[in-house]
Structures are given as C-alpha cells and as structure tokens.
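Written below as structure tokens is the structure these notes are about.
The values are calculated or read from the model by the stated rules, or taken from the named source; none is laboratory data. Just so you know, these numbers come straight off a predicted model, no measurement behind them. As a convention, Cβ positions derive from the backbone with ideal geometry for all residues, glycine included, and neighbour counts pool all protein chains shown.
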C-alpha cells in the first residue's frame with residue numbers, strides 16, 4: 001500500500017485484531033501508514049446489520065486518506081430479517097443454488113430443531129426467520145462448505161442463499177468447487193457495506209457530485225435484493 005500510494009485505503013479484519021499483542025501489531029501498521037503521509041482514522045468496529053445487511057457481522061475497519069477530510073459512517077438502519085431474503089429466490093435458473101443432500105437422520109433432527117438453536121452433531125445453527133442472520137462463515141481449512149440451516153427447510157443453505165445474506169448481486173456468479181464458493185462468500189466484505197464505505201469516502205474526501213450517491217446506493221440495493229428495494 002505504501003509503495004503504490006493510493007489516495008485512500010480501508011483495512012478490514014476481525015475485531016480481535018485490535019487486541020492482538022495488546023494492539024501492538026495494529027499500531028505498528030498505522031504508524032507506518034501515518035509516516036507515509038496518510039491521515040488515519042481511529043479504528044472502529046461496525047456491524048453490517050446496522051447498515052442494511054441481513055446478517056450480524058462485526059468487523060474492524062481502519063480508514064486512511066492522503067488529504068484532509070472528515071470520514072463518518074451514515075446513521076444506523078433498522079435490521080433486516082433473514083427470512084425476508086431467503087423466502088424465495090428470483091428467476092427459474094438461480095446461480096449457485098445447488099443444495100446439499102442430507103442423511104435421513106440429519107433431516108429428522110433439523111425438522112424439530114427450534115429457531116436459533118444448534119444441532120450439536122452437525123454443528124449447524126437454524127436461523128430465525130424474523131431475526132437477522134448469524135454471521136455467514138467461510139468454513140474450515142479443509143474447504144469450507146459449512147453453512148447455517150435454512151429457517152423453514154430442513155437443510156443447510158446453498159451458496160446463493162449465503163450470498164444473499166451477504167448482499168451479493170443476484171447475477172453474480174461464483175466459480176470453483178462448491179466448498180470454495182462458500183469460502184469466497186464467507187470471506188467477503190458484504191458488497192452493500194463496501195458500497196456504503198466507498199460512498200462515505202467519496203463524500204468526505206473527493207466531493208464528487210454527492211447528490212448522486214443516494215441514487216447510486218438505491219440502484220445497488222435493487223440489484224442485491226433481486227430487483228426489489230425494501
């Protein structure tokens with residue numbers, strides 16, 4: 001980053017990075033960036049659920065800029081339920097929507113598992129349709145593939161369903177083995193949150209026709225929610 005000298009940067013990681021080695025590693029990185037001429041904002045932890053993403057997902061962010069400006073996140077929004085984006089998928093040929101075939105015994109357990117509870121054998125959680133989803137995960141080092149249970153159907157979520165909880169556009173195609181697709185989705189910054197961050201950076205530091213940003217944001221919502229703005 002210091003070599004290429006971008007006008008602005010965003011660092012994203014798990015909140016625990018702030019406390020790793022007493023915060024020493026993060027402070028060293030910020031010191032290097034500050035010495036390179038960046039004005040670095042104080043690190044903050046934001047929850048994607050507070051900004052229109054139907055998923056509880058806390059991550060730490062550090063924003064820096066090479067010019068003067070005042071960065072701030074917009075006001076928090078009402079949370080969106082998992083059921084509202086998983087109820088139906090748009091179109092007859094949905095991308096990345098292959099579902100896993102479970103054993104009969106597993107399906108029987110899933111059918112009686114209460115909302116918000118965990119199946120201890122399979123280590124999967126059943127989502128509550130009226131609540132925001134738990135964090136979409138990338139899976140383990142052996143290839144991922146583990147996802148939450150659908151709130152109404154006795155099976156785990158498909159890659160596409162996880163992508164909807166992450167606010168990927170409906171026409172975004174993930175490639176590679178299914179396990180790796182889960183990893184790609186789980187490791188990503190929710191595109192809607194990324195769009196909000198980019199918008200706020202542009203507003204604060206570049207002032208490029210700010211009156212157009214709300215329209216652009218509405219169009220992004222339309223794409224990620226299957227053609228409907230809610």
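Brief remarks follow.
- Qualifying residue in the range 164-178 (condition: more than 17 Å from residue 94 (Cβ to Cβ) and either modelled with pLDDT of 85 or more or in contact with a helix residue (DSSP H, G or I) (Cβ under 7 Å, 6 or more places away or on another chain) (or both)): yes
- Residue that is farthest from the chain's Cα centre (by Cα), among those in the range 82-133 that are on the phi > 0 side of the Ramachandran plot and exposed (fewer than 14 other Cβ atoms within 10 Å of the Cβ): 91
- Residues being within 16 Å of the chain's Cα centre (by Cα) and without any contact (Cβ under 8 Å) to a residue 60 or more places away in the chain - total across the range 61-75: 0
- Subset of the range 179-191 that is in a helix (DSSP H, G or I) and surrounded by 24 or more Cβ atoms within 10 Å (Cβ to Cβ) - its residue that is modelled with the lowest pLDDT: 182
- Here residue 101 qualifies as in a loop (DSSP other than H, G, I, E, B) and under 26 Å from residue 133 (Cβ atoms).
- Residue match in the range 204-224 (condition: farther than 26 Å from residue 62 by Cβ, in a helix (DSSP H, G or I) and at pLDDT 65 or above): no
- Within the range 75-100, tally of residues that are more than 14 Å from residue 161 (Cα to Cα), modelled with pLDDT of 90 or more and out of contact with any helix residue (DSSP H, G or I) (no Cβ under 8 Å at 6 or more places or on another chain): 2
- Of all residues making up the range 136-163, the number that are assigned to a loop (DSSP other than H, G, I, E, B), at pLDDT 65 or above and over 24 Å from residue 105 (Cα atoms): 3
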